[in-house]
Amino acid sequence: MPQLIDGKAISAQIKDEVKEKVRQLKEQGISVCLAVIQVGEDPASSVYVGNKKKACAYVGIESLSYELAEETTQEELLSLIRELNEKKEVNGILVQLPLPGHIDEDAVIRAIDAKKDVDGFHPQSVGALCIGQPGFVSCTPAGIIELLKRSNVEIAGKECVVVGRSNIVGKPMALLLLRENGTVTVAHSRTKNLKEVTKRADILIVAVGKPKMITGDYVKEGAVVIDVGIHRNENNKLCGDVDYEDVSPVCSAITPVPGGVGPMTIAMLMYNCANSVCLQ
Ligand code: NDP
């Protein structure tokens, strides 16, 4: 049986550490506040926003909620962001994605003050990560690094393969592994002989968005496998990009879905919010 990398337990630990940090800040008269903006009523987004607000309440971060109508114009949204950028008492600004089709997501992300960009999506945050300067790091990949470290998985010198090159997961993931001195390969939909590439990995991170695509024959014996994907199968059960049953006998450690990477994303958002005070 492989080691189960328990995101539920590790994320709870991180949230408790953040709670303590927020308490210490309060003692110094500093409070932390996150503004959460949702445009429209996409049910999945509403669940994510609800979970973020719940996490804020748990760690002692104040959350301000802005629920805007689906037909909100881009200019109206940008104007709200500008207003929040100016507000001293607001430390973090989060715009729940995806946005309705008539709004340019890139323009919205760019409008957020980089010092309040707790999602780590702003080009300035990404650039800082790229050149090793302080800044916010995208929550899901940052959470994966914490999962590895707190499960005693050594990254330095290891062959790390990231499958997927999205701006929010794959690319920042690769940069973080590089920062931890891994030898990093990024694979994507145009990669030839994907199995040969993934089989080189000591640490295999999968963020392809395809249910159960990675089976045991993609994995080297003894590899550590991190599954970023979240899907609902035909029985409404959650599954990942990795075929857990098929890969488990081959690998040495694996994240389950649910209870692996998912809970880490919110924990790292809380971490970024508490940290925003120092960056500001
Ligand atoms: P994207 O759809 O933005 O990116 C998917 C990536 O996978 C692309 O780079 C694509 O390549 C690559 N890809 C697609 N098909 C293949 C293939 N057959 N072989 C190799 N590479 C392939 O997804 P995200 O990065 O946003 O998310 C990935 C998954 O992670 C999703 O299931 C998503 O729901 C989940 N997720 C989970 C989070 C969490 O908190 N646990 C947070 C964010 C995402 P190309 O660039 O060439 O098109």
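The values are calculated or read from the model by the stated rules, or taken from the named source; none is laboratory data. Owing to the predicted nature of the structure, the values given are computational and were not obtained by experimental measurement. Heads up, the Cβs are rebuilt from the backbone with ideal geometry, glycines too, and the neighbour counts pull from every protein chain shown.
In table form, for the structure just shown:
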read-out	value
Residue check, residue 216 over 21 Å from the mean Cα position of the chain (by Cα) and away from the ligand (no atom under 11 Å from the Cβ)	yes
Flag for residue 29 being modelled with pLDDT of 95 or more, on the phi > 0 side of the Ramachandran plot and part of a loop (DSSP other than H, G, I, E, B)	yes
Single residue of the range 118-154 satisfying the filter (touching a strand residue (DSSP E or B) at 6+ places or on another chain (Cβ under 7 Å) and not in a helix (DSSP H, G or I)) that is surrounded by the fewest Cβ atoms within 10 Å (Cβ to Cβ)	151
Selection count, the range 242-259, where residues are surrounded by fewer than 24 Cβ atoms within 10 Å (Cβ to Cβ) and assigned to a loop (DSSP other than H, G, I, E, B)	10
Those residues of the range 53-79 which are surrounded by fewer than 21 Cβ atoms within 10 Å (Cβ to Cβ) and under 22 Å from residue 277 (Cβ atoms), in sequence order	53, 54, 57, 58, 60, 62, 63, 64, 65, 66
The lone exception for residue 269 - which of (1) surrounded by fewer than 19 Cβ atoms within 10 Å (Cβ to Cβ); (2) within 11 Å of the ligand (Cβ to nearest atom) it fails	(1)
Residues of the range 196-213 that turn out to be among the small types (Gly, Ala, Ser) and more than 9 Å from the ligand (Cβ to nearest atom), as a count	1
Matching residues in the range 154-173 - criterion: being touching a Ser or Thr at 6+ places or on another chain (Cβ under 9 Å) and either aliphatic (A, V, I, L, M) or away from the ligand (no atom under 11 Å from the Cβ) (or both)	157, 158, 159, 160, 161, 162, 163, 168, 169, 173
Condition broken by residue 235, with the remaining ones in (1) assigned to a loop (DSSP other than H, G, I, E, B); (2) in contact (Cβ under 8 Å) with a residue 12 or more places away in the chain; (3) more than 10 Å from the ligand (Cβ to nearest atom) satisfied	(2)
Near pairs, Cβ below 9 angstrom, 6+ apart or cross-chain, from the range 251-279 (on the phi > 0 side of the Ramachandran plot and free of Cβ contacts under 8 Å to residues at least 40 places away in the same chain) to any residue that is in a helix (DSSP H, G or I) and within 14 Å of the ligand (Cβ to nearest atom)	none
Scan of the range 64-85 for residues that are part of a helix (DSSP H, G or I) and of a type in the set (Val, Ile, Thr), ordered by number	81
Meets criteria (under 20 Å from residue 261 (Cα atoms), free of Cβ contacts under 8 Å to residues at least 40 places away in the same chain and either buried (at least 23 other Cβ atoms within 10 Å of the Cβ) or within 8 Å of the ligand (Cβ to nearest atom) (or both)) for residue 177	yes
Filter result (within 11 Å of the ligand (Cβ to nearest atom) and surrounded by 19 or more Cβ atoms within 10 Å (Cβ to Cβ)) within the range 221-232	226, 227, 228, 229
So residue 50, is it in a helix (DSSP H, G or I) and exposed (fewer than 14 other Cβ atoms within 10 Å of the Cβ)	yes
Complete set of residues in the range 180-195 that are within 11 Å of the ligand (Cβ to nearest atom), outside any helix (DSSP H, G or I) and not polar (S, T, N, Q)	186, 187, 188, 190, 192
